Amino acid sequence: MSEIKTSSGIDEIRGKTDGRSRGYFYMRNGKQFYRERDEDYQKNQSPRQKWNSAAFKYANSQLKLLTSPEAKAQLAADFEAANHIASNGKTYTTVRSWKYNSLIHDYKQAHPFVQ
């Protein structure tokens, strides 16, 4: 967050004033400046990281769709029928982690990583 250095509270502000700010304040040569910056942390990812991020994004979007009581009951039944083993061959203790990792595995099988 912002760091105020003076007693008046307005003269010198550094950083963001709150979490929703698009930019931040900084000082250079005794002058106050404000800069807006697009905080896109995905732009410097390797192709493999982008592929993994796409799989996570897909799994999260699919999990958000499964909110009805009928869908939750069906998931619990599928979880028990699969003996807690996901499609990637690993065992999970909760229904959510089981379904999440199954969705990630299914996405990666449908969209294989190509160098």
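Read the figures in this text as sums done on the coordinates, not as results from a lab. What you see is a predicted model, and the numbers here were worked out from it, not measured in a lab. Cβ sites come from the backbone with ideal geometry, for glycine too, and all protein chains shown count toward neighbours.
What to note about this one:
- A simple count of charges around residue 63, restricted to other residues whose Cβ falls under 10 Å of its Cβ and scoring Lys, Arg +1 and Asp, Glu -1, yields +3.
- Compared with the direct C-alpha span, the chain from residue 84 to residue 101 gains 5.0 nm at full extension, assuming 0.36 nm per residue.
- Residue 29-residue 94 FRET efficiency (beta carbon distance; Förster radius 41 Å; 0.05 resolution): 0.15
- With 23 Å as the limit on Cα-Cα distance, the pairs of 16/50; 50/72; 64/108; 64/99 that go past it are 16/50; 50/72.
- Figure legend: label point modelled 7 angstrom from the Cα of residue 108 along Cα→Cβ; residues of the range 72-96 with amide N under 18 Å from it are 85-93.
- Entry note: the chain has Rg to Rh equal to 1.26, where both radii use alpha-carbon atoms and Rh is the Kirkwood radius.
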